[in-house]
Structures are given as C-alpha cells and as structure tokens.
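This report concerns only the one structure given below.
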Amino acid sequence: MKTKINWLEWNEEAFEKARKEDKLILLDLTAVWCHWCHVMDMTSYSDNKIAEIINKDFVPIKVYIDKRPDIGERYNMGGFPSTVFLNPDGYIIAGDTYVPPQRFNLMLETVKNVYKNKKEEIKQRILEAAEKTEREKEIGKSKINENIIKEILLFVEDNFDSFYGGFGTQPKFPSPEILDLLFLQYQKTKNKKYLEMTLKTLDGMYEGIFDKVDFGFFRYSVTQDWKLPHYEKMLDTNAGLLRNYSVAYDITKEEKYKKIVEGTIEYINKFLSVQENGGFYGSQDADEEFYLAKLEERKKEQYPYIDKTIYVDWNAMMVSSYIRAGAILNNKNTIEFAIKTIDFILNNCYDKNNGLFHFFDEKASISGLLGDNIYFLNCLIDVHLMIQSQKYIGKIMEIAEFILDNFYDNKNHGFFDRIIKEEDLGTLKHRDKQFLENSFCTIVFLRLHFLTKEGKYKQ
C-alpha cells in the first residue's frame with residue numbers, strides 16, 4: 001500500500017505545527033485543471049520514499065489556487081504546480097515549479113539541511129528582503145500622460161508575431177487585454193495596423209487553440225504557431241476571448257467571427273454553466289488522450305472533469321462578455337442568462353458587510369478579495385446600461401462604497417488586493433497592489449463617474 005502525504009490546509013493549526021516542531025512548510029500550489037499538477041501528484045508525491053521524508057521532516061500544505069488566488073499570487077514560483085518551501089512564519093526560502101522524483105529527493109534533503117545549519121542567517125535575509133520590498137513600493141510614482149500609451153503600443157508592436165499572430169514566442173497565451181487595447185486604438189485612430197494585428201491574432205488562435213468539436217478555447221499553446229494546445233479550458237480565458245471575437249464581429253461584420261462567438265457561447269452553455277439557477281463553472285480539465293482521440297471515439301469517451309465551483313470574479317467576467325456578445329448578436333437568451341447569474345450571486349455570495357465572497361461550492365467562501373468586488377461591480381454596470389432599469393443601481397453604489405472603504409489606499413492611492421484579517425498567516429499579513437486589478441479599477445471608477453457624475457469616482 002502506498003504511503004500518502006498527510007496534506008494539511010492553510011490554517012493556524014498547520015502553521016502552529018511548523019512553529020512547534022521547528023519544521024519547514026512544504027506548500028503545494030495546485031489546480032484541478034492543471035496537467036503538470038496531476039503529473040506531480042502521480043509521480044513525485046506518490047513516491048513512497050518522498051512521502052515518508054515529507055511527512056517526517058516537513059509540514060505539507062496543499063492550496064488550490066482558484067479558491068485562494070491571494071495565496072497563489074504571493075507564492076507563485078513562475079507556474080503551476082508551484083513547490084514552495086516556507087519557514088514556520090510563512091516566508092519563502094526556496095521554490096520551484098514541477099519537480100520530478102529524482103530531483104525532488106535531492107531538493108528535500110538540501111533545503112532541510114540548509115535550513116537546519118543556517119536558520120538565523122535565513123531569518124535575517126527574509127527580514128531584509130521584506131523591508132526592501134516595502135521601500136520599493138514607495139518609489140517609482142509617475143504622472144499619467146500620452147507617452148505611456150505610445151510606449152506600451154511600441155512594446156506590443158515589438159513583441160507581435162507577424163507570422164502566426166499573438167505576442168512573444170512560446171508558450172503562447174491569449175492576451176485579451178492587449179487585444180482590447182488594439183481595438184480601442186483602431187477605433188480611436190482608424191490606423192489599420194492595429195486592426196490587422198488583432199485579426200491576425202484572432203485567426204491564429206482560432207486555428208490552433210479553439211476546439212473544433214465541442215467549441216470553446218483551450219488555455220494556451222505550447223508552441224509558437226498555436227498548433228499544440230494545452231488542453232484545459234478556463235472560464236476566464238473564454239470570457240476574455242468571447243469579448244474579443246464579439247468586438248471583431250461588430251467591427252468587421254465577418255461571418256467567421258460570429259460563428260466563433262456562437263460556438264463559444266454554445267460550449268459555455270453546455271459544459272460550464274448552471275442553466276437552471278444561473279452561474280458559470282470554473283474550468284474543464286486538460287485530458288490529452290481525450291482531445292487527441294478521433295471524432296467518433298470522443299463521443300464514446302467520458303468528458304474531462306469539470307470544476308463545478310462558481311468563482312465570483314470569473315463569473316462576473318463572463319457575465320460582462322455574455323452581455324456584450326448578446327447585444328452584438330441580438331441574442332436575448334444570452335443576456336437573460338447573464339442577469340440570472342447576477343441574481344444568483346447577489347442572493348448567494350454577497351452581503352453588505354463583507355462584500356462579495358470569492359466562490360460558491362454549496363456555500364459562499366472567502367470574502368475580502370478586491371478582484372471579486374471590482375469585476376462584479378463592473379458587470380452590474382454592464383447590466384444596468386443594457387436593461388436601462390434602476391433595478392441594480394442601489395447595489396452598484398453600495399459595492400462601490402464598500403470597495404472605497406475597504407481597499408483604497410488613501411495615503412498612496414491605488415487599491416490593495418485584499419482586506420487584512422486577524423487570522424491571516426505568512427505574507428497574507430502584508431497587503432499588496434496588483435497591476436491588472438488596479439488598471440481595471442481605473443476603468444470601473446471612470447465608468448461610475450460617467451454613470452453618476454460623482455467627482456470622487458473620477459478623482
């Protein structure tokens with residue numbers, strides 16, 4: 001019988017055990033959709049010798065990053081799985097991504113011995129690094145001006161792959177926000193190069209990472225030419241690309257983009273949505289054998305696992321995309337399902353004192369994350385503008401004030417990513433400001449200013 005690792009949850013008991021026994025924490029950042037996370041579970045973490053060492057000499061904690069994005073952001077070692085060694089106070093001393101068994105054996109021994117022999121030195125370095133990070137947060141402030149947009153566009157052009165579309169080399173990920181920017185620049189300047197870059201990228205992604213059988217987009221391509229997908233399908237990826245292809249159809253009126261939009265909605269409706277109540281599921285697993293099987297075989301195979309957790313930030317992204325796509329295609333069913341999802345989340349994942357809860361899995365869990373609140377606020381504004389009704393205006397103002405009261409940094413400006421709580425452990429004790437979330441906050445509060453004419457939102 002195989003020895004199993006005695007995984008603990010991220011909680012005070014686990015950290016107390018590490019402190020009491022003076023052991024390093026081994027943090028496994030994983031995801032249900034993540035192929036290499038499964039490989040590591042089946043190889044390194046299933047190895048008897050490795051499991052014995054971990055159980056004896058470490059305090060093992062497993063965290064699912066979709067459920068705890070705040071932990072994922074702070075401890076990500078450059079991909080998933082992330083294999084992270086923490087001191088008993090929760091600060092990183094070493095880490096990697098996927099580690100095969102032979103190398104993992106050596107790593108466990110090395111990290112354990114270094115910590116045992118250089119404990120005080122490591123503690124001092126951690127303190128110095130934390131102080132340096134705090135100092136760096138106070139510098140580098142600059143005024144916004146037109147030059148920043150020009151610099152970003154030049155950077156985007158320099159990284160554009162004119163042969164296959166997309167940006168960079170490999171692995172190649174969809175970049176919905178970059179495509180948003182290029183569409184906006186085209187609409188503002190009528191410079192066709194921005195439209196051509198965008199359409200080249202959309203065409204390349206469709207050829208490579210769009211599922212031609214069940215529809216929907218895979219998460220990314222292993223190769224530069226988009227032709228070798230990594231087969232997980234994520235709600236947030238599909239939300240961003242549904243928005244992009246909807247805009248492409250709106251601008252060009254090309255039938256191929258309309259079909260891609262309709263196919264993506266069909267996939268989401270069939271596999272990643274709760275049709276009776278409203279709500280969207282989180283992801284569908286990568287299963288290479290299933291996706292490489294011939295068409296007739298695929299119909300017989302069991303479909304890859306679907307994570308039926310409802311993540312509020314990703315749901316809000318998809319609600320906004322459904323409203324955009326529904327308006328462009330004149331598809332009332334899509335808009336109605338978006339509204340049904342909003343009502344489900346308001347009824348199950350929101351209260352006035354805590355704001356939005358991060359996910360719903362038979363009950364609401366984890367409050368106090370900026371992403372959930374700002375993306376949901378944005379989709380409420382989308383619905384408000386679509387249905388031209390006052391139904392949601394009260395909730396819009398309530399959530400806007402909750403965000404300003406709990407996340408805004410009145411001293412240095414910008415928004416923190418989470419609300420500090422008494423029970424926080426490790427680097428969760430330190431608030432952080434995420435670039436993408438703050439960019440999105442800017443957009444949403446400008447929209448609120450447009451809606452209400454309130455000067456403070458613009459400010």
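The values are calculated or read from the model by the stated rules, or taken from the named source; none is laboratory data. Given the structure is predicted, the values throughout are model-derived calculations rather than measurements. Here the Cβ positions follow ideal geometry from the backbone for every residue, glycine too, while neighbour counts run over all protein chains shown. Areas reflect the complete protein model, heavy atoms only, side chains present, ligands, DNA and RNA absent. Shrake-Rupley method; radii C 1.70, N 1.55, O 1.52, S 1.80 Å.
Taking 4.7 Å between C-beta atoms as the pairing limit, the chain has these partnerless cysteines: CYS349, CYS379, CYS441.
For ASP22 and GLU151 in one chain, what is 0.36 nm times their gap in residues minus the Cα-Cα distance, to one decimal in nm? Don't skip to the answer; put the middle values down first.
Details: separation 129, 0.36 × 129 = 46.44 nm, distance 4.93 nm.
Here the segment from ASP22 to GLU151 would lengthen by 41.5 nm.
By how many nm would the segment from LYS453 to GLU401 lengthen if fully extended, with 0.36 nm per residue of separation less the alpha-carbon distance?
Numbers: separation 52, 0.36 × 52 = 18.72 nm, distance 1.51 nm.
Taking LYS453 through GLU401 to full extension adds about 17.2 nm, to one decimal.
Between ASN191 and GLN388, the contour length at 0.36 nm per residue exceeds the Cα-Cα span by 67.6 nm. Measuring with a 1.4 angstrom probe and ignoring ligands and nucleic acids, HIS449 comes out at about 50 Å² accessible.
For segment 245-289, state which trypsin sites (Lys or Arg not before Pro) are in a DSSP loop and have at most 11 other beta carbons lying within 10 Å of their beta carbon. Don't jump to the answer; show the numbers that get you there.
Details: sites: LYS253, LYS256, LYS258, LYS259, LYS270; in loops: LYS253.
Qualifying residues, ordered by number: LYS253.
Of the trypsin sites (Lys or Arg not before Pro) found in segment 192-250, the ones in coil according to DSSP and having at most 10 other Cβ atoms within 10 Å of their Cβ are LYS212. Annotation for GLU254 and GLU120: the two label points, set 7 Å from Cα along the Cα-Cβ direction, are 6.7 nm apart.
When the helices in the chain are scored as -39500 (n - 2.57) per DSSP H run of 4 or longer and the sum is shared across all residues, what 222 nm value do you end up with, to the nearest 500 deg cm²/dmol?
-17500 deg cm²/dmol
Pull out a ≥ b ≥ c, the square roots of the eigenvalues of the alpha-carbon gyration tensor of segment 234-301, then state rounded if a/c is under 1.5, prolate if not and a/b is larger than b/c, and oblate in the remaining case.
Here segment 234-301 falls in the oblate category.
Taken over the alpha carbons of segment 325-410 as equal point scatterers, the Debye sum produces base-10 log I(q)/I(0) values at 0.17, 0.24 Å⁻¹ of -0.72, -1.21. Around GLU12, what is the net charge, scoring Lys/Arg as +1 and Asp/Glu as -1 over all other residues with Cβ under 11 Å from its Cβ? Summing Lys and Arg as +1 and Asp and Glu as -1 gives -4.
Filter the GluC sites (Glu not before Pro) in segment 268-370 to those in DSSP coil with at most 12 other Cβ atoms within 10 Å of their Cβ, and list the result.
Sites meeting the loop and neighbour criteria: GLU276, GLU301, GLU362.
Of the residues LEU24, LEU181, ranked by 1.4 Å probe accessible area with the largest first, the sequence reads LEU181, LEU24.
At the residue level, THR223 shows approximately 40 square angstrom of accessible surface with a 1.4 angstrom probe and all protein chains present. The heavy atoms of SER175 present about 30 square angstrom of accessible area, all protein chains included, probe 1.4 Å.
Using all C-alpha to C-alpha distances in the chain, build P(r) with 20 Å bins and read off the rounded percent in each one. Pair shares across the bins are 22, 55, 23, 0.
So what's the net charge close to SER82: Lys and Arg +1, Asp and Glu -1, counting the other residues with Cβ under 9 Å from its Cβ? With Lys, Arg at +1 and Asp, Glu at -1, the net is -2. A Förster radius of 25 Å, combined with the Cβ-Cβ distance separating GLU297 from GLU207, puts the computed FRET efficiency at roughly 0.65. Bridging of LYS192 to aspartates and glutamates at a Cα separation below 18 Å is possible for GLU157, ASP158, ASP161, ASP180, ASP203, ASP250, GLU254, once same-chain residues fewer than 8 apart are set aside.
Expressed to the nearest 5 percent, the antiparallel share of DSSP beta bridges inside the chain is 80 percent.
Projected onto its three principal axes, the C-alpha set of segment 337-387 covers 30, 21, 16 Å, listed from the longest axis down.
Between TYR408 and GLU289, what FRET efficiency follows from the Cβ-Cβ distance if R0 is 41 Å, with the result rounded to 0.05? Provide the component values of the computation, followed by the final result.
On the way: r = 48 Å, r/R0 = 1.18.
FRET efficiency, TYR408 to GLU289: 0.25.
Of ASP372, ASP313, ASP405, the residue with the largest accessible area leads and the full order is ASP405, ASP313, ASP372 (1.4 Å probe). Summarised in one figure, the compactness ratio Rg/Rh of segment 142-247, Cα atoms and Kirkwood Rh, is 0.99. The reciprocal of the average 1/r between distinct C-alpha atoms defines the Kirkwood hydrodynamic radius, which for segment 34-80 equals 12.1 Å.
When the square roots of the Cα gyration tensor eigenvalues are ordered a ≥ b ≥ c, the ratio a/c for segment 412-452 is 1.5 or more and a/b exceeds b/c, which makes its shape prolate. Placing TRP314, TRP36, TRP7 in order of accessible area, with the largest value first and a 1.4 Å probe, yields TRP36, TRP7, TRP314. Taking a ≥ b ≥ c as the square roots of the eigenvalues of the Cα gyration tensor, segment 339-459 is oblate, since a/c reaches 1.5 or more and a/b is not larger than b/c.
What area, in nm² and to one decimal, does the C-alpha convex hull of segment 7-102 cast on average over all directions?
Working: hull surface 22.6 nm².
Taking a quarter of the hull surface, the average projection is 5.6 nm².
With a cut-off of 14 Å between beta carbons, the residues surrounding GLU423 carry a summed charge of -3, where Lys and Arg count +1 and Asp and Glu -1.
If one computes P(r) from the Cα atoms of segment 50-203, what percent of pairs lie at distances over 20 Å? Counting pairs separated by more than 20 Å, the tail of P(r) holds 67 percent.
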